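No value in this document is a laboratory result; all are computed from the given coordinates. Here the structure is a predicted model, which is why all the values come from computation and not from measurement. Counting neighbours? That spans all protein chains shown, and the Cβs are built from the backbone with ideal geometry, glycine included.
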Amino acid sequence: MKFLVKNSEVFVIELNLRASRSMPYTSKATGVPLIWAGAKVMLGKTLRELNVKKKPVYHVAVKSPTFSFSRIKRADPVLGVEMTSTGEVACIDYDFPSALIKSLISAGMKLPPLGKKVLVTVRDDDKPRAVHLVEMIRRTGYQVAATTGTAHYLRQNGVKELCVVRKLSEGKREIIDEIARGEIGLIVNTVSHPNIEAVTDGFTIRRTGAEFMVPVLTRLETAEAFFKALEREGVTRLAPRSLEEYLAQASIELI
């Protein structure tokens with residue numbers, strides 16, 4: 001079901017009755033074959049008769065989309081209301097941080113090596129939250145680079161250790177060159193309000209990241225979850241396990 005919210009009024013855009021991806025994902029994550037159970041219920045069976053009972057789940061499943069921005073010339077790696085993913089992966093672990101990191105790696109994200117720079121350039125509305133994000137980034141062992149406006153705000157709010165890189169609209173190629181040289185391992189860029197310089201700079205940063213296979217996060221919520229996961233778990237506890245091992249507690253007997 002797709003919704004549109006405008007001025008606190010909710011509109012239903014679309015309702016698709018289908019079971020293409022979410023249903024198999026949910027079935028594997030819970031150990032309950034929902035399509036099978038749903039068909040049986042429509043034929044008159046009850047959930048009790050089918051032995052489909054609510055059982056505790058001791059694991060977390062995270063599904064991440066995959067994109068093909070690097071293969072499409074001049075495509076802007078930013079998300080909107082239209083679907084732009086070209087696939088998805090799902091991973092399971094016993095806690096959210098590990099499941100999230102697993103899913104991002106499986107979706108093709110290259111984790112930045114420790115010591116690399118993380119470029120932070122965000123719109124004005126996001127700058128207050130960026131202060132906390134930068135603190136998290138530094139605690140995980142990364143350097144922080146920021147564009148002039150973002151760096152100025154961060155310094156005013158107590159963030160001292162920053163590398164400042166200038167944008168094309170300032171007559172400099174510092175960001176482009178550092179991404180191309182591999183000095184920047186990850187980019188956090190939220191889409192600016194529509195003025196021509198901000199749009200051009202943002203597109204150039206995101207597109208250059210895509211060209212050189214540098215991960216680009218365009219939502220602060222995603223960036224916060226990612227660095228919180230690295231801060232808590234890193235990648236040291238990640239271990240492959242079979243789906244059957246996770247679902248041993250949740251499996252049901254098919255009738």
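Using the Karplus equation 6.51 cos²θ - 1.76 cosθ + 1.60 (θ = phi - 60°), what ³J(HN,Hα) coupling, rounded to whole Hz, does each residue of region 23-36 give in order, writing x for Gly and Pro?
Residue by residue, region 23-36 yields 5, x, 4, 5, 5, 5, 5, 9, x, 10, x, 5, 5, 4 Hz.
Simple spin-label model, 7 Å along Cα-to-Cβ: residue 95 to residue 36 in nm?
Inter-label distance under the simple model: 3.3 nm.
Give me the distance in nm between label points sitting 7 Å out from Cα along the Cα-to-Cβ direction at residue 152 and residue 110, one decimal.
3.4
List the residues whose amide H sits under 5 Å from the amide H of residue 66, counting only those 5 or more places along or on another chain, with H placed 1.01 Å from N in the peptide plane.
86, 87, 88, 89
What residues from region 143-166 fall in the zone where the backbone N is under 18 Å from a label point 7 Å along the Cα-to-C-beta line of residue 183?
143-152, 161-166
Mind giving me the nanometre distance, one decimal, between the label points for residue 222 and residue 16, set 7 Å out from Cα along Cα→Cβ?
Once both label points are built, they end up 1.9 nm from each other.
Order of 26-37, 202-213 by packing, highest average Cβ count within 10 Å first?
Highest to lowest by the protection proxy: 202-213, 26-37.
Find how much the distance from residue 170 to residue 9 grows on full extension, using 0.36 nm per residue of separation minus their present alpha carbon separation; answer in nm with one decimal.
53.9 nm
Taking a 30 Å limit on the Cα-Cα distance, which of the listed pairs 6/127; 116/167; 45/102; 28/228; 2/40 fall beyond it?
Going by Cα-Cα distance, 45/102 fall outside the 30 Å limit.
Please sort 129-141, 112-124 by packing, taking for each peptide the average over its residues of neighbouring beta carbons within 10 angstrom, highest first.
On the way: 129-141: 17.6, 112-124: 19.4.
Going by the mean number of other Cβ atoms within 10 Å, highest first, we get 112-124, 129-141.
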